[in-house]
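Only one structure is covered here, and it is reproduced in the block below.
The values are calculated or read from the model by the stated rules, or taken from the named source; none is laboratory data. These numbers were taken from a predicted model, which means no experiment stands behind them. FYI the Cβ positions are ideal-geometry reconstructions off the backbone, even for glycines, and counts take in every protein chain you see. Ligands, DNA and RNA are stripped out before the accessible areas are found, and what is left, the full protein with its side chains, is counted by its heavy atoms. Shrake-Rupley method; radii C 1.70, N 1.55, O 1.52, S 1.80 Å.
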Amino acid sequence: MESTRYLVRDTDAGDAIELLLVSAVGTVLVIRWFLAVLSYPKMSGGGLHIAHMLWGGLFMLIALVLLLCYWNPVLRRLAAVLAGVGFGAFIDELGKFITHDNNYFFQPTIALLYIIFVLMFFLARSIQKSVQFTEDEIRVNEELRKYFEESRNSLGLRVRVYFELREWIDNRYKRIVANRWFSLALIGGFVIFGVSQFVFVVGNIINLNLFNKQSGEPRIFIIQAAASALSTGCVWVGIWQLRKSRLLAATWFQRSVLVNIYLTQVFLFYNSQLAALSGLLLNSLIYMSLRYMVSQEYVQEGRKEAAGA
């Protein structure tokens, strides 16, 4: 008997890491916004200063306890959110611990945070794409989730609410995509999303005096415009594919979002670091929504093929 048989992986691990990532990025943005609004207050008393890094450690500890104590997917998702909140609060103070003067406002910190979050995004993608689950792992995951699904009424309110909410979301999605306005709304949203970012970058290039050596680095704007053009191109391919299949369209829209994450937002740091971090959060949310759409369309197309057979 192979020892790896006991190392059963979670088939939803990629989704959980994405949830952790979004929670972490959102936490960093909320903390920085909150501190700026309140003029950077200190929770101090008796000569002590309680850094929010410590609160982050507390949230991560709670997440670990939940993961160590429970199997069910409800609390595992909750633990992913709490771990993301904790990690965001922890890593937000990175500047203090890489500078001699404990400088929270150290300028490269946001860029380092972006790199860390993008690496986490790569991790989630690699888990989803490259990991091949064995038949035993798939069977264990299916049986475990089937157990909670079938016995949700006897497992308490929190478990029941989780499955009822998921079922409600699935049903709402099916109703929305069945509406004849869905395709138009999808096209309109991505046209605005793609064209607006392209116009924004092209506007920066037009306003930039390429012959003025004091104007900055024009190549940054040109590369950013090229990345935006590539992202916009993926959007238009997705719109064209929408005539044939929502699955193909959503796949191309996903590629557009990935170009934004890996290229456009990186060069946006040249102009505005916090805007780039906000863009990462927005693109991550859109990407997660598209992943859900793709998974639902795979199910729907699989049913169509089965019916045709």
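Less than 12 Å Cβ to Cβ from residue 238, Lys/Arg counted +1 and Asp/Glu -1: what total charge do the surrounding residues give? Please report the intermediate quantities before stating the final value.
Working: positive: 243, 244, 246, 255; negative: none.
Net charge in that neighbourhood comes out at +4.
Given a 1.4 Å probe and heavy atoms of the protein chains only, how would you sort 87, 105, largest accessible area at the top? Could the numbers behind the result be given before it?
Details: 87 45, 105 120 Å².
If we order 87, 105 from most to least accessible, we get 105, 87.
Please calculate the 1.4 Å probe accessible area of residue 168, with all protein chains present, and give it to the nearest 10 Å².
Approximately 150 Å² of residue 168 is accessible to the 1.4 Å probe.
In the full protein assembly as shown, how much of residue 65 is accessible to a 1.4 Å probe, in Å² to the nearest 10?
Looks like 70 Å² after rounding.
For residue 243 and residue 134 in the same chain, what is the full-extension length gain: residue separation times 0.36 nm, less their Cα-Cα distance, in nm? Provide the component values of the computation, followed by the final result.
Working: separation 109, 0.36 × 109 = 39.24 nm, distance 3.60 nm.
Going from the current span to full extension adds 35.6 nm.
Quick one: length gained pulling residue 53 to residue 9 fully straight, 0.36 nm per residue minus the C-alpha distance?
Details: separation 44, 0.36 × 44 = 15.84 nm, distance 3.02 nm.
Length gained between residue 53 and residue 9: 12.8 nm.
At a 1.4 Å probe radius, which order do 69, 234 fall into by accessible area, largest first?
Details: 69 85, 234 15 Å².
Solvent-accessible surface, decreasing: 69, 234.
Just to make sure I understand: if all protein chains stay in place, what is the order of 146, 244 by accessible area at 1.4 Å, largest first?
Details: 146 115, 244 145 Å².
Descending order: 244, 146.
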